[in-house]
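Quick note: the coordinates plus some simple rules give every number you see, no bench work behind them. Being a predicted model, the structure only gives us computed values, none of them experimental. Cβ placement follows ideal geometry from the backbone for every residue including glycine, while neighbour counts extend to all protein chains displayed.
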Amino acid sequence: MSERSGEVERRQQGPTAEVVRERTGMFGVHGSGDTSGYGGLTRTVTMPAAASRPYGSWFDEAVDVLAEVLGDAGVAFADAVERVVITDPRRPAEGEGPSRDAELTLYVAREHLLAVCRALRDDQDLRFELSLGVSGVHYPDDVGRELHAVYHLTSVTHGRRLRLDVACPDEDPHVPSTTTVYPANDWHERETWDFFGIVFDGHPALARIEMPDDWPGHPQRKDYPLGGIPVEYKGATVPPPNQRREYS
Amino acid sequence: MTAPAHDAPHATGPAADDYGPGVAGFEASGGDWDEIAREAIGEERIVVNMGPQHPSTHGVLRLMLEIDGETVTEARCGVGYLHTGIEKNMEYRTWTQGTTFCTRMDYLAPLYQEAGYCLGTERLLGITDDVPERASVIRVLMMELNRVASHLVCLGTGGNEMGATTIMTLGFTAREEILRLFEAVTGLRMNHAFIRPGGVAQDVPEGFTDQVRDMLPSLRKYIGMLGDLMLANPIFKSRLQGVGVLNLSGCFALGITGPVLRSAGHPYDVRKAFPYSGYEDYDFDVPTDTAADCYARVVIRIEECYQSLRIVEQCLARLDDTVGAPIMVADKKIAWPAQLAVGSDGQGNSLDHIRQIMGTSMEALIHHFKLVTEGFGVPAGQAWQTVEHPRGELGVHVVSDGGTRPYRAHFRDPSFNNLQAVSVMCEGGQVADVVVAVASLDPVLGGVDR
């Protein structure tokens, strides 16, 4: 119950940016004395923040149509889509619209994922008929939303692309399977289960695909070590990559 | 000479003396396999494992076929035998070092992984517009040559799997010409790590455009010979036509892209639909067919080779126009500090740069050290970049947490996705058609398993 109210609270706070991590210090020094004087520096790293209207380009129209179609299906847009984010690699000037490389991301609540996918695929003004698979991301510091499943959809008809980002907590790693809407996601969901441990409810055969069937753990999670052994070369020893000095 | 005693040591003995209870053993001494099978196991189903070490499965693909006589009633794929954790490894290296890893995924089309990854990184950095034109032209040139090389392997091995060794030797001979060009530019025949975030590692060597121009006629001749050998050959046609059919709606439902989708009639090509690296400025066509079978895919691949060579010629003209122009972004916070040149000892080195950082500028030395060991920071966010890979749409999902290493790099490999179509293409067909259908998908298991 408390988890549900937490989710509602998060939504009522309005557009917020996802906190990825806290960075301390200046030069990425960890575990030894920091003599740089910047050791007390703390910065919060966030993902790009929610966009505000007008989004520009085709984004307004697509979001409006999606809201309308979801409304017809009995799903409130605000419940289904937590956040609309637009990122533009070409950094347009102030007042200019987004470039053709701008990316639209919809942060979708997992309970409404199927309704959103169905609306995006079937409505003639959206027509995102091609799914290019599922990618997982693990944010251990984003408490309550540690595991993300990311879907990239393409509308070949309209020449558009968008991204769906669905989060689920580590304690309850369940996301509905989208294979009924996009059969192409079958193997991709298996891969995301294999590497991240996200359970796609309703998947026809959610077995591991890359790792052996009896493999313990989910290797792409951040708490899963990379492994490796030290390598000797010309008298010096090179430690395995996860034990080398890191700066970030 | 007497026959060896039955209990004498054999080079290859039976797997076990006793198979245990519940396991029936059969002895066959000649005769028709059909009759033996009927006597031995009656109407029970037979599941045959094809691979993972089968010569016609393009590496280590395991096909599980349930057969009824010569008919395949169920076909399933097993993958993962070549999984090496490249995506995980990339999270422990800098953004620049990432190209060294992702180039090893699909080893027949290494430059596409590099290009997709670097374009994605440039999106996160917000320097898409700053990549110099000459760098983009070199990228396009290398990618298109790579497309021809990859298609030649596909056609060659596809022919070899049907018993046509000449097609294979021709394909590989032609590919050799392209690999020689790659060697001239990157120093390597594969695993180039040549395309880097912000541009390319090095400019093309002097006289390279002429070298390519000299090579093009012989490459065209080889592709022409391949076409002559295959397209009107009655055996080839009877093996391929009407086999491995996958129609347009099937392609979209299963997310199939590339030559397989185009063989079903849709001209979807990322180079036209979502241009990158300036593809909108090149003149080329996207060949399509409507037969949706293996033969149509061969025709399309051959036609795509010619279209790629058209793009290559346009690239050569642009390279000649931009001699001496930069090949890396101007931002010194991102651009690799040294420019390698081949020294008198035959090794790549950068003597002028070493002289500068060791002799004149302490700051340059610090900068070099920081950039090479620590790498550059990339603003937090996620980006999605796709490129038209020889096998379909390659998608790269890169995520940054603001650090100097990729937080996550995911590759949507077209072979991985396209293998999902194996059951649809093979079920109901003959066992021999499985080989043809899989070859028409052209899976490369290095890319599938990553």
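Tell me the volume per residue, in Å³, of the convex hull enclosing the alpha carbons of chain A.
196
Where Lys and Arg each count +1 and Asp and Glu each count -1, what net charge lies around residue B:126 among other residues with Cβ under 13 Å from its Cβ?
Working: positive: A:90, A:91, B:123, B:333; negative: A:88, A:101, A:103, B:122, B:129, B:130, B:331.
Residues near residue B:126 contribute -3 overall.
So for the protein assembly as shown, Kirkwood radius off the Cα pairs, Stokes-Einstein at 25 °C and 0.890 mPa s: how many µm² s⁻¹? Spell out each step's value before the answer.
Details: Rh = 27.5 Å.
Stokes-Einstein gives a translational diffusion coefficient of 89 µm²/s.
Identify the trypsin sites (Lys or Arg not before Pro) of the range B:333-426 meeting these criteria: DSSP loop state and at most 16 other C-beta atoms within 10 Å of the C-beta.
Working: sites: B:333, B:355, B:370, B:391, B:408, B:412; in loops: B:333, B:391.
Passing both the DSSP loop test and the Cβ count: B:333.
Specify the angular offset, from 0 to 90 degrees and rounded to the nearest 10, of the alpha carbon long axis of helix B:110-125 from the longest principal axis of the alpha carbons in chain B.
50
What's the percent breakdown of Cα-Cα distances in the range A:130-171 across 5 Å bins, shortest bin first?
Bins of 5 Å from zero give 6, 24, 23, 17, 12, 9, 6, 3 percent of pairs.
For chain B, build the charge dipole from Cβ charges (+1 Lys, Arg; -1 Asp, Glu) around the Cα centre, then report which of B:149, B:446, B:96 sits farthest towards its positive end.
Sorting the options by dipole projection puts first B:96.
If all Cα-Cα distances of the range B:230-388 are sorted into 10 Å bins from 0 onward, what percent lands in each bin, rounded to whole numbers?
Whole-percent P(r) values from 0 Å outward: 9, 22, 22, 19, 16, 10, 2, 0.
If you scale each eigenvalue of the Cα gyration tensor by 5 and take the root, what three semi-axes come out for the range B:121-227, rounded to whole angstrom and sorted largest first?
Equivalent ellipsoid semi-axes, largest first: 30, 16, 11 Å.
Just subtract the alpha-carbon distance of residue B:342 and residue B:74 from 0.36 nm times their residue separation and send over the number in nm, one decimal.
Numbers: separation 268, 0.36 × 268 = 96.48 nm, distance 5.58 nm.
Here the answer is 90.9 nm.
Can you give the angle from 0 to 90° between the axis of helix B:294-321 and the longest principal axis of chain B, with both taken from C-alpha atoms, to the nearest 10?
Its long axis makes an angle of about 10 degrees.
For chain A, set up a GNM with springs between Cα atoms under 10 Å and report which of A:45, A:63, A:150 has the largest fluctuation.
Highest fluctuation of the listed residues: A:45.
From zero outward in steps of 10 Å, how is the percent of C-alpha pairs of the range B:74-132 spread across the bins?
The distribution over the range B:74-132 is 20, 43, 25, 9, 3, 0, given as percents.
What is the angle, in °, between the Cα long axis of helix B:133-161 and the longest principal axis of the Cα atoms in chain B? Nearest 10 is fine, range 0 to 90.
10
Quick check for me: using +1 on Lys/Arg Cβ and -1 on Asp/Glu Cβ, what's the dipole size of the range A:92-248 about its Cα centre, in debye to the nearest 20?
Details: 16 positive and 27 negative charges, 89 e Å.
My answer is approximately 420 debye.
In what order do B:32, A:142, B:401 fall by count of nearby beta-carbon atoms within 10 Å, going from fewest to most? Each step should come with its number before you reach the end.
Numbers: B:32 8, A:142 19, B:401 22.
By the 10 Å Cβ count, ascending, the order reads B:32, A:142, B:401.
List, largest first, the extents of the alpha carbons of the range B:180-286 along their principal axes, each in whole Å.
48, 34, 28
Quick one: longest stretch of chain B between exposed loop GluC sites (Glu not before Pro), exposed meaning at most 15 other C-beta atoms within 10 Å and loop per DSSP?
Numbers: sites that count: B:27, B:43, B:44, B:70, B:206.
By the stated rule (loop sites, at most 15 other Cβ atoms within 10 Å), B:207-450.
Per DSSP helix of 4 or more residues, -39500 (n - 2.57); summed, then divided by the residues of chain B. What does that give at 222 nm, rounded to the nearest 500?
Numbers: 18 runs with 198 residues, N = 450.
One gets -13500 deg cm²/dmol as the mean residue ellipticity at 222 nm.
Quick check on chain A: helices-only [θ] at 222 nm, where DSSP H runs of length 4 and up contribute -39,500 (n - 2.57) each and the sum goes over total residues. Nearest 500, please. Before the final figure, lay out each step's value.
Working: 5 runs with 51 residues, N = 248.
The per-residue figure over chain A is -6000 deg cm²/dmol.
Less than 18 Å apart at the alpha-carbon level, and either on another chain or at least 8 residues along: which lysines does that give for residue A:222?
Within the straight-line cut-off, residue A:222 pairs with B:88.
What translational diffusion coefficient, in µm²/s and rounded to a whole number, does the Stokes-Einstein relation yield for the range A:190-247 at 20 °C and a viscosity of 1.002 mPa s, taking the hydrodynamic radius as the Kirkwood radius over Cα pairs? Please report the intermediate quantities before stating the final value.
Values: Rh = 13.8 Å.
Once the numbers are plugged in, D ends up at 155 µm²/s.
State the Cα centre-to-centre distance between the range B:237-281 and the range A:178-248 in whole Å.
30
Please report, in whole Å³, the volume per residue of the convex hull around the C-alpha atoms of the range A:38-184.
Numbers: hull volume 20.3 nm³, N = 147.
Value for the range A:38-184: 138 Å³ per residue.
For chain B, evaluate the Debye formula with one uniform point scatterer on each Cα (no solvent term) and list log10 I(q)/I(0) at q = 0.09, 0.10 Å⁻¹, rounded to two decimals.
Result of the Debye calculation: -0.66, -0.78.
Residues with beta-carbon under 14 Å from that of residue A:244, excluding residue A:244: net charge, scoring Lys, Arg +1 and Asp, Glu -1? Please list the in-between numbers first.
On the way: positive: A:245, B:93, B:405; negative: A:246, B:91, B:374.
In short, 0.
Of B:341, B:232, B:324, which is farthest on the positive side of the dipole of the range B:206-345, counting Cα position, with +1 on Lys and Arg Cβ, -1 on Asp and Glu Cβ, and the Cα centre as origin?
The listed residue farthest towards the positive side: B:232.
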